[in-house]
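A short worksheet on the structure shown next.
The values are calculated or read from the model by the stated rules, or taken from the named source; none is laboratory data. None of these values were measured; they are calculated from a predicted model. Cβ: placed from backbone, ideal geometry, glycine included. Neighbour counts: every protein chain shown.
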DNA sequence: TTCGCTATACCGACCGGACGGTTGACAAAC
DNA sequence: GTTTGTCAACCGTCCGGTCGGTATAGCGAA
């Protein structure tokens, strides 16, 4: 029998609550009081664990960065060890279903924007995660620029989705993927 | 002799001031009082022209959307009437110098985020501009998905720049451009 | 066992300041 | 004399952060 997971500790509950608020009601709705109430603690209780709003946001961002890194690692591990493995992981990460629809990513985006709104420097943990991915991307044996172009397209798609800029049907999405996959062919660069 | 342009009217001055504030000191610094002071009017004076903060933001967004549309139109007109003209305009828009470094785009990004922060629906004018560009992109005689992939990559690059996620040198940028230009070849899709 | 002492975790009233918006007045233009 | 544009004072609200206090648990000494 599976005993259900133990109830999370207070800091975790608070971070969860803060994420939920940002996702559901926007950046402006994230106040210390609201987060405390949603987490089932008092404002004083929240401030005991996170000494300021900035500390709360930093906590959210650190957890988010860890989550992104772990998620990408999982996608990468699932890729066959072909050449351009990292690049293919980016493609899978961008286009494979769970990632594109997952409500968790809406939440991530909301947290990201909330942090940027408060202080752009809070994004540093995320920056490090993506810098690391980019470094590995550069080591894929592809013509220079191809992997980066694929990553940029993935980012653009993601951002367009966050901001509600894109409305593409599945067919267009699939066509985009095929186009980018051509760039992921190791021999694609030599005319 | 060129007589200098006449001093802008109050609404224009106010919009300019609001943009300057958002760009220089972030979204949080954009208060009615600050915008009024920066524009050289009183708070009451500002509220005479923009009845609420939301109205002010809507004014900023509308102007921004018009600016973006005009800018893209200019880039498009400068393209030779080759096939895939719109797609090539996107490439030029993304990679050609003035666009990439222009301080005006930092300002645009700041306004964009400020509006999204207050109410995502304010982005509708911008959405319409990009939807129109996307429609034209679809009419470029390219294999399906290629033009969209190029646009997504441009957006990703732009967003990465806004959020400080990318640090690419000129060489990598040029390589990316070459990679994307391969996708803009009309015959590129048929193996 | 029990008495003090301390550390941990949490509470909620309160303060100071900032912000969006209102109001009433006023002066120039028409 | 009405309209247009502008002003300064003011109000109510909300929010981040402080602070004094409480409950619980652990622990060494008497």
_Please pick out the residue among A:91, A:61 that is in contact with a helix residue (DSSP H, G or I) (Cβ under 7 Å, 6 or more places away or on another chain), more than 16 Å from DNA strand D (Cβ to nearest atom) and within 14 Å of another protein chain (Cβ to nearest Cβ)._
A:91
*Return the residue satisfying two criteria in turn: it lies in region B:128-143 and is more than 8 Å from chain A (Cβ to nearest Cβ) and more than 19 Å from residue B:73 (Cα to Cα), and of such residues it is surrounded by the fewest Cβ atoms within 10 Å (Cβ to Cβ).*
B:141
*Output the residues belonging to region A:165-177 that are part of a helix (DSSP H, G or I) and surrounded by fewer than 16 Cβ atoms within 10 Å (Cβ to Cβ).*
A:170, A:171, A:174
*For region B:25-39, does any single residue satisfy the condition of being buried (at least 18 other Cβ atoms within 10 Å of the Cβ), away from DNA strand D (no atom under 15 Å from the Cβ) and at negative phi?*
yes
*Scan region B:1-51 for residues that are outside any helix (DSSP H, G or I), modelled with pLDDT of 90 or more and within 24 Å of the chain's Cα centre (by Cα) and report the count.*
3
*Tally the residues that are surrounded by fewer than 18 Cβ atoms within 10 Å (Cβ to Cβ) and either facing chain B (nearest Cβ under 7 Å) or modelled with pLDDT of 90 or more (or both), restricting the search to region A:144-164.*
2
*In the list B:108, B:74, which residue meets the criterion of being within 12 Å of the chain's Cα centre (by Cα) and either at the interface with chain A (Cβ under 8 Å from one of its Cβ atoms) or without any contact (Cβ under 8 Å) to a residue 60 or more places away in the chain (or both)?*
B:108
